[in-house]
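Engineer: Next up is a structure, given as C-alpha cells.
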C-alpha cells in the first residue's frame with residue numbers, strides 16, 4: 001500500500017474521513033421527501049490531501065493502485081471512480097480551490113448498497129473544507145455531495161446517503177426528514193445490534209431500474225395531483241389503489257414505508273425490539289412486492305437471516321437489485337450466527353455472502 005509521500009513526494013496537510021451507512025428502514029422514500037432511518041457502519045473512506053497552486057487535481061486510489069489527473073474547471077465524466085471526485089470539485093465552485101493532491105483509501109465495499117460513493121464525496125468535501133477554509137456546515141456539505149452524484153455522475157439519488165455519512169454517529173440511528181432536512185439522533189437501545197451481510201450481488205444506482213422507480217414515483221405524484229408522495233398518509237391508500245399499475249404499488253410502498261419509519265423511531269425509543277423487527281420484515285415485503293427492487297437470492301438471504309436465533313428482523317438495504325441486507329438482532333454471538341447464515345446461503349444459492357458488520 002503506497003503512502004501519500006510515496007505517491008506525491010510530500011506529506012499530506014489534512015486527513016478527513018467519512019463512514020458508509022446501512023439504512024435501517026425507510027428505503028426509496030428520500031427522493032419523495034419522506035422519512036429515513038440510516039445507521040453508520042464501521043467501514044470508512046479516508047482522504048489525505050495537500051494543496052497545489054496550479055489548478056491541477058491528482059487523485060490516487062489505494063484500492064485500484066492508480067493515480068488520475070484532471071484540471072479544475074475542466075471536469076468531464078470518465079465513467080469511473082474519479083467522477084465522484086470531479087463531481088465534488090465541479091459543484092464546489094465558486095469556493096476557493098487552487099488544486100490538490102489527494103490519496104483515497106476506502107474500506108466501504110463497492111456495489112453493496114452501503115453508500116461507498118457518499119463516503120467518498122463526504123470525506124473529499126471534508127478534506128477540501130479543512131484545507132481551503134470553506135465555511136460549510138455539515139448539512140450543506142451533504143447537499144453538495146448529493147449534487148455531485150446527481151448532476152455530474154448522473155445517479156438520481158436522494159439526500160439520505162450523504163446526510164447519513166455527514167451527520168451520522170456510531171451507536172445511533174439518524175432520523176432524517178428529507179423534506180425539511182430536520183435530523184435527530186436516536187440511540188440504539190441496549191440489547192440491539194446491527195448486522196450487515198452482502199449478498200454477493202452488486203448493484204448500481206445509475207442503472208435503469210433505479211431511474212425507472214424514481215420516474216414512476218414522479219408519475220404517481222402527478223396523477224394524484226400532490227406536491228410529493230410525502231404529503232400522503234394511510235387515509236389516501238384507497239385513492240392510490242385507483243392508480244394504474246405499477247404506479248399504485250410504487251406510491252403504496254412510499255406511503256406505508258414512511259409510516260414504518262415513524263413507528264421504528266418510536267420502537268427504538270422505548271426498546272420495543274420485536275416491534276422493530278416486524279417493521280423491518282414488513283419493509284422488505286413491500287420492497288419485494290410493491291416496489292419490486294429485490295431479487296430471489298436477496299429474498300433468500302433475508303429469510304435465512306430472519307430465521308437465525310436472536311434475530312428480530314431483516315430486510316434489504318440500499319437501492320436493491322442486489323447489495324446487502326441489514327439485520328436487527330441481539331448482540332451475543334451475532335457475527336458467528338451471520339457466518340452460519342452465509343454458509344447456508346452459499347449452499348442454497350451458490351453465492352458467497354460476506355458478513356460486513358459486525359467486524
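Nothing in this text is a laboratory measurement; each read-out follows from the coordinates by a stated rule. None of these values were measured; they are calculated from a predicted model. All Cβ positions, even for glycine, are placed from backbone atoms using ideal geometry, and neighbour counts span all protein chains on display.
Engineer: By count of other Cβ within 10 Å, fewest leading, how are 188, 37, 298, 356 ordered? Show your work: numbers first, answer last.
Structural biologist: Working: 188 17, 37 25, 298 28, 356 22.
The order, fewest Cβ neighbours first, is 188, 356, 37, 298.
Engineer: Here is a follow-up. One quarter of the convex hull surface, Cα atoms only: what value does that give for the chain in nm²? Write out the running numbers ahead of the final one.
Structural biologist: Values: hull surface 71.4 nm².
Result: 17.9 nm².
Engineer: Let me ask you something else. Evaluate the relative contact order of the range 135-176 (contact order divided by residue number), counting alpha-carbon pairs under 8 angstrom at least 6 apart; express in whole percent. If you can, show how the numbers build up before the last one.
Structural biologist: Numbers: 28 pairs, mean separation 16.5, N = 42.
Once normalised by length, the contact order is 39 percent.
Engineer: Classify the range 55-97 as rounded, prolate or oblate from the Cα gyration tensor: take a ≥ b ≥ c as the square roots of its eigenvalues, call it rounded if a/c is under 1.5, otherwise prolate when a/b beats b/c and oblate if not. Before the final figure, lay out the partial values.
Structural biologist: Working: a/c = 2.14, a/b = 1.74, b/c = 1.23.
Judged from the Cα gyration tensor, the range 55-97 comes out prolate (a/c at least 1.5, a/b above b/c).
Engineer: Can you sort 228, 32 so the residue with the fewest Cβ neighbours within 10 Å comes first?
Structural biologist: Details: 228 17, 32 26.
By the 10 Å Cβ count, ascending, the order reads 228, 32.
Engineer: Using just the helices of the chain, give the 222 nm mean residue ellipticity in deg cm²/dmol: DSSP H runs with n ≥ 4 each add -39,500 (n - 2.57), and the total is spread over all residues, rounded to 500.
Structural biologist: Details: 11 runs with 141 residues, N = 359.
Counting only the DSSP helices, I get -12500 deg cm²/dmol.
Engineer: Return an integer: the convex hull volume of the alpha-carbon atoms of the range 234-318, in Å³ per residue.
Structural biologist: 88 Å³
Engineer: Projected area of the range 17-115, taken from the Cα convex hull and averaged over every viewing direction, in nm²?
Structural biologist: On the way: hull surface 30.1 nm².
For the range 17-115, the mean projected area of the Cα convex hull comes to 7.5 nm².
Engineer: Enter the angle in degrees (range 0 to 90, nearest 10) between the Cα long axis of helix 208-224 and the first principal axis of the Cα atoms of the chain, meaning the one along which they spread out most.
Structural biologist: Tilt of helix 208-224: around 60 degrees.
Engineer: List 11, 216 from most exposed to least, where exposure is judged by having the fewest other Cβ atoms within 10 Å.
Structural biologist: Working: 11 10, 216 17.
Fewest-to-most Cβ neighbours within 10 Å comes out as 11, 216.
Engineer: Using the alpha carbons of the range 4-185, what is the convex hull volume per residue in cubic angstrom, as a whole number?
Structural biologist: On the way: hull volume 19.6 nm³, N = 182.
Once divided by residue count, the hull of the range 4-185 is 108 Å³.
Engineer: Also, I was wondering about something else. Past the 22 angstrom mark, what percentage of all C-alpha to C-alpha distances in the range 107-197 do you count?
Structural biologist: On the way: 1281 of 4095 pairs.
Summing the P(r) tail past 22 Å for the range 107-197 gives 31 percent.
Engineer: Evaluate the relative contact order of the range 202-359 (contact order divided by residue number), counting alpha-carbon pairs under 8 angstrom at least 6 apart; express in whole percent. Mind dumping the intermediate values first?
Structural biologist: On the way: 194 pairs, mean separation 27.4, N = 158.
For the range 202-359, the relative contact order is 17 percent.
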